[in-house]
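**Student:** Next up is a structure, given as structure tokens.
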Amino acid sequence: MTLSRTFSCTLSRKLSGTFSRTSRGALLALAVAALLPAAAQPTPAAGTYTLRMLTPETALAAARAALESCRRQNFQVAVVVVDRAGIAQVLLRDRFAGPHTVDIATQKAWTAASFRTHTTALAAETQPGRPMSGLRSHPRFMAAGGGMVIEGGGNVLGAIGVSGGPGGEADESCAKAGIQAIKDAIEF
């Protein structure tokens with residue numbers, strides 16, 4: 001006799017004088033359901049995996065925080081947040097940000113997501129004469145500061161790219177503010 005069947009019979013005998021037959025049946029069903037092992041729950045197929053992604057709301061919160069950080073420093077920028085595959089989820093462009101900033105911010109975010117590395121590090125590693133210098137010939141590769149990977153719980157969730165500040169370091173400081181704003185939402 002299985003554990004759930006044994007428990008079911010014991011519980012049924014104990015409840016017989018206290019509850020009506022219908023109530024006993026409902027309580028019995030609840031008790032048996034509670035005893036079902038976790039292994040009986042559906043599991044993902046062996047050939048699949050679970051993937052964590054940023055919600056659009058979280059991506060927007062990061063972009064807004066980055067834009068606000070740049071505004072406080074009097075920078076007019078574009079901010080792009082991409083998912084882990086480099087596909088744009090959010091694009092914000094301040095009123096007076098140059099027209100080029102949209103493409104540059106997108107390329108910074110794509111580069112960070114694609115290479116799973118901040119673009120400041122890639123800028124240093126892809127200098128002429130370095131082993132990875134050939135990456136600069138890729139049409140979407142942007143080797144300038146301002147693209148940062150967004151990670152949470154040990155997973156790459158996406159990336160953020162900022163363009164329009166007076167240099168890569170300024171763009172990166174705004175990107176960091178965007179990531180910091182969503183830190184609690186993405187740690188699990």
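The values are calculated or read from the model by the stated rules, or taken from the named source; none is laboratory data. Predicted model, so just to flag it, every value in this text is computed and none were measured. No Cβ is skipped: glycine too gets one built from the backbone with ideal geometry, and neighbour counts run over all protein chains shown. Heavy atoms of the whole protein, side chains included, go into the accessibility calculation; ligands, DNA and RNA do not. Shrake-Rupley method; radii C 1.70, N 1.55, O 1.52, S 1.80 Å.
**Student:** Any chance the range 55-69 includes a residue that's part of a loop (DSSP other than H, G, I, E, B), at pLDDT 95 or above and under 30 Å from residue 101 (Cβ atoms)? First the steps, then the outcome.
**Tutor:** Applying the first criterion (part of a loop (DSSP other than H, G, I, E, B)) to the range 55-69 yields 55.
Then keep just the ones that are at pLDDT 95 or above; that gives 55.
Within this subset, residues satisfying the condition of being under 30 Å from residue 101 (Cβ atoms) are 55.
Yes, the range 55-69 contains a residue that is part of a loop (DSSP other than H, G, I, E, B), at pLDDT 95 or above and under 30 Å from residue 101 (Cβ atoms).
**Student:** Please work out if residue 122 is in contact with a Phe, Trp or Tyr (Cβ under 7 Å, 6 or more places away or on another chain) and open to solvent by less than 30 Å² (accessible area, probe 1.4 Å). Step through it out loud before you land on a result.
**Tutor:** Working: in contact with a Phe, Trp or Tyr (Cβ under 7 Å, 6 or more places away or on another chain): yes; open to solvent by less than 30 Å² (accessible area, probe 1.4 Å): yes.
Yes: the conditions hold for residue 122.
**Student:** Checking the structure you have, find out if any residue of the range 164-174 is of a type in the set (S, T, N, Q), surrounded by 23 or more Cβ atoms within 10 Å (Cβ to Cβ), under 23 Å from residue 94 (Cα atoms) and within 22 Å of the chain's Cα centre (by Cα). Steps first, please.
**Tutor:** First, the residues of the range 164-174 that are of a type in the set (S, T, N, Q): 173.
Filter again for surrounded by 23 or more Cβ atoms within 10 Å (Cβ to Cβ), leaving none.
No, the range 164-174 contains no residue that is of a type in the set (S, T, N, Q), surrounded by 23 or more Cβ atoms within 10 Å (Cβ to Cβ), under 23 Å from residue 94 (Cα atoms) and within 22 Å of the chain's Cα centre (by Cα).
**Student:** For the range 181-188, state whether one or more residues are open to solvent by less than 30 Å² (accessible area, probe 1.4 Å) and of a type outside the set (Val, Ile, Thr).
**Tutor:** no
**Student:** Name the residue, out of 89, 76, 127, 107, that is part of a strand (DSSP E or B) and among the polar types (S, T, N, Q). Let's see the steps before the verdict.
**Tutor:** On the way: 76 fails: part of a strand (DSSP E or B); 127 fails: part of a strand (DSSP E or B); 107 fails: part of a strand (DSSP E or B).
Checking each option against the conditions leaves just 89.
**Student:** For the range 59-108, how many residues meet the condition of being acidic (Asp, Glu), open to solvent by 50 Å² or more (accessible area, probe 1.4 Å) and farther than 13 Å from residue 175 by Cβ? Full working, then the answer.
**Tutor:** Initially, the range 59-108 is screened for residues acidic (Asp, Glu), giving 68, 83, 94, 103.
Restricting the remaining residues to those that are open to solvent by 50 Å² or more (accessible area, probe 1.4 Å) gives 68, 103.
Still in the list and also farther than 13 Å from residue 175 by Cβ: 103.
Of the residues in that region, 1 qualify.
**Student:** Can you tell me which residue is modelled with the lowest pLDDT among those in the range 127-167 that are more than 23 Å from residue 67 (Cβ to Cβ) and in contact with a Phe, Trp or Tyr (Cβ under 8 Å, 6 or more places away or on another chain)?
**Tutor:** For the range 127-167, the residue satisfying everything is 153.
**Student:** Another question, if that's okay. Of the residues in the range 147-161, how many are open to solvent by less than 10 Å² (accessible area, probe 1.4 Å) and over 11 Å from residue 119 (Cα atoms)?
**Tutor:** Count: 4.
**Student:** Being without any contact (Cβ under 8 Å) to a residue 24 or more places away in the chain and hydroxyl-bearing (Ser, Thr, Tyr) narrows it down to one of 114, 133, so name that one.
**Tutor:** On the way: 114 fails: without any contact (Cβ under 8 Å) to a residue 24 or more places away in the chain.
Within the list 114, 133, the selection yields 133.
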